[in-house]
């Protein structure tokens, strides 16, 4: 049921391992730290897209408010750490994202580079949304359940936005073909990386 739900809502081919939420529940400081940096990187990634493609009016217009929203999310997670008297901690290597980056087309045309960048961001948002849903349903802390429910709803919107932007600038058939390839690759990444409770991804 969970696997089918994941496919229907986000297109993801493989649901999060059920053990992840249990591990995360005993590593809340690490999860919150990693989450904070994920939000920070999301904001800077949107800035980098705007800087690289300033001539793409819709992209600039749509991503500008997302920068503000993602930075606001970083501040919300930071506030939650402070509420718990926990330090921010240090940023950690993101194995999941690094593995995704390996799948980008090498020596690609400008169109293919833009497509892969937008689809990577869509995939990260989709997986984050799925993870936040697991936290909102699986944690014992009722406050954190609601906390992550809000993040889940936001990430779902961002996932759709990146797909929409890709289809704005690139033929839909090409976007859908490449998206299918990305989904299959991401499932293999999820299947082969270690299940860790101190990482959002």
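Exactly one residue among 36, 61, 43, 24 is in a helix (DSSP H, G or I), at pLDDT 95 or above and under 15 Å from residue 132 (Cα atoms), and that residue is 36. Looking at 127, 56, just one residue is in contact (Cβ under 8 Å) with a residue 60 or more places away in the chain, in contact with a helix residue (DSSP H, G or I) (Cβ under 9 Å, 6 or more places away or on another chain), crowded, with 17+ Cβ neighbours inside 10 Å and closer than 19 Å to residue 150 by Cα, and that residue is 127. Scanning the stretch 89-114 for residues that are at negative phi and in a loop (DSSP other than H, G, I, E, B) yields 90, 91, 92, 93, 94, 102, 103, 104, 105, 106, 108, 109. Residues being in contact (Cβ under 8 Å) with a residue 60 or more places away in the chain, surrounded by 15 or more Cβ atoms within 10 Å (Cβ to Cβ) and outside any helix (DSSP H, G or I) are represented in the stretch 139-147 by at least one member. In a residue-by-residue description of the stretch 80-95, the property of being over 21 Å from residue 117 (Cβ atoms), modelled with pLDDT under 95, surrounded by 18 or more Cβ atoms within 10 Å (Cβ to Cβ) and out of contact with any helix residue (DSSP H, G or I) (no Cβ under 6 Å at 6 or more places or on another chain) applies to no position.
The values are calculated or read from the model by the stated rules, or taken from the named source; none is laboratory data. Everything numeric here is computed off the predicted structure, so don't read it as measured data. Ideal geometry is used to build each Cβ from the backbone, glycine not excepted, and the neighbour counts take in all protein chains shown.
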